[in-house]
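Student: Have a look at the structure that comes next, please.
Laboratory data are not the source of any read-out in this text; all were calculated from the coordinates shown. As the structure is a prediction and not an experimental result, all values here were calculated from the model. Backbone-built Cβ (ideal geometry, glycine too); neighbour counts: all protein chains shown.
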Amino acid sequence: MPAIDEAIAYIDSLASGEKFEYSKVAKMYGVDRTTLSRRHRRVQRPRVTKDSNCHES
């Protein structure tokens, strides 16, 4: 599993309302903080998904 997916899984496993900082989680998993935040909030999809959507007719 890619590190970004592991980081998102970690955030999702936290109790509802539990505080966390994207920067600390990103550092733990060695991923970019901005990308982690965007993916977790579903603002940015993985590149594979975006590329495959561009080729649809």
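Student: With labels modelled as points extended 7 Å from the Cα through the Cβ direction, what inter-label distance (nm, one decimal) is found for Ser37 paired with Leu14?
Tutor: 1.3
Student: Further question on the same structure: Using a 7 Å offset from the Cα along the Cα-to-Cβ direction at both Arg45 and Ala3, what is the distance between the two label points in nm, to one decimal?
Tutor: Rounded to a tenth, the inter-label distance reads 2.5 nm.
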